[in-house]
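Here it is: the structure, laid out below.
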Amino acid sequence: MKKALGLVGVVLGCAAVQVWGQTKAPKAERAKRSGAPSAGPATTQFQIRNVNFRIDESITLEIAWLRGELLSNEPGKLPTFDDKASLLMKIDAGEVAMSTASFTDLMNRYVFNYPGAPLTNIRVSTEGDLLRQEATMHNTVPTEMVGSLAALPDGRIRFRPNTIRAAGVPAKKLMDAVGLQTSKLVKGTDPRGVDIVGDDLIMDLNVLMPPPRVRAKVSGVRIEGDRIVQTFGGKDAAAAREELAPPDKEAANYMYYRGGTIRFRKFIMEDTDVQIVDADPGDPLDYSLERYFDQIVAGQSRNTSNGAQVTSVPDYHDLQRRGSSEQPAP
């Protein structure tokens, strides 16, 4: 008895994958029907190269490369690709960038999106190798902070302002004169991954990122143009850099998942061996977490002789253009 399988993908900062396959194992079929996970490798390893991973329509992680494990964010349950809140990406090593536009949306839509948030209308830009953050404080006072980024030993990111202005006035001197600090002005009830220590803003990616959840330690951070580039990996990074051997070794842009058991749609996949490759390798794979199925439907899948799955998908922005061209004229 054969059943078609379709595999989803996920990432970061996190990642996703999908594919069709077949199985004849009666035990696996019983596990699928009951929904109970069967025995197998404990976790799924992942390796990602040159993927622009869209968490949603406005926030994109530009993944140069990542190496890590896919875990469940819900103890006792399988990672479920159709529920990104159930996914936990443990990042061992890699490099990921985020544009200032994506970072602006992250701050406004997730980090400071709660009643009583001290900062609103946040706008993030770069100034050489410095970061500029403009915002409205407590809904009344326009503020501006320009400063440097650094990775802390505990894996968090520190933003240290060199200059602070409030309503156009150099506020740092004023705050020093009256004994105030940023923490006393920028104080909220639900910081969501941003702590204030003295005049520093300390950001924790493990908390401030929207689902899928990320477990990672930032080992380096820098500004490149309008992008914030983060590197991951501590003393064990060299071991984590050991590459998996994907089925399509010629692919430049891909997501590869190997081992473990995962759930997608109505199916459970055991001993995962799936690679999602870019149908147009001329630029990074543009992958949408929320619209992955559209890409899979428009792609092509094949099986290798050892049972691995390779699925070639179009870039998400190509599907958007294609969909727009197919819309009837008003």
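Rule-based calculations on the coordinates, nothing more; no lab input. Bear in mind that the values here come from a model prediction, so they are computed numbers and not experimental data. In this analysis, Cβ positions are derived from the backbone assuming ideal geometry, glycine residues included, and neighbour counts consider all displayed protein chains.
Using DSSP to define loop residues, name the GluC sites (Glu not before Pro) in segment 209-318 whose beta-carbon has at most 15 other beta-carbon atoms within 10 Å.
Passing sites in segment 209-318 are Glu242, Glu243, Glu250, Glu290.
State whether segment 81-121 is rounded, prolate or oblate according to the following rule on the C-alpha gyration tensor (a ≥ b ≥ c being the square roots of its eigenvalues): a/c under 1.5 gives rounded; otherwise a/b larger than b/c gives prolate, and the remaining case gives oblate.
On the way: a/c = 2.66, a/b = 1.49, b/c = 1.78.
Since a/c reaches 1.5 but b/c is at least a/b, the shape of segment 81-121 is classed as oblate.
Using the Cβ atoms and a cut-off under 12 Å, what net charge is assigned to the surroundings of Ser86, where Lys and Arg are +1 and Asp and Glu are -1? Could you put the intermediate results ahead of the total?
Values: positive: Lys77, Lys84, Arg213, Arg263; negative: Glu74, Asp82, Asp83.
That sum, taken over residues with Cβ under 12 Å, equals +1.
So how far, in whole Å, is the C-alpha centre of segment 259-284 from the one of segment 37-107?
13 Å
Let me ask something else about it. Given 0.36 nm per residue, what is the gain on full extension from Phe293 to Asn113 after removing their alpha carbon distance, in nm?
Working: separation 180, 0.36 × 180 = 64.80 nm, distance 2.89 nm.
Roughly 61.9 nm would be gained on extension.
Under the rule a/c < 1.5 gives rounded, and otherwise a/b versus b/c splits prolate from oblate, where does segment 58-144 land using the Cα gyration tensor?
oblate
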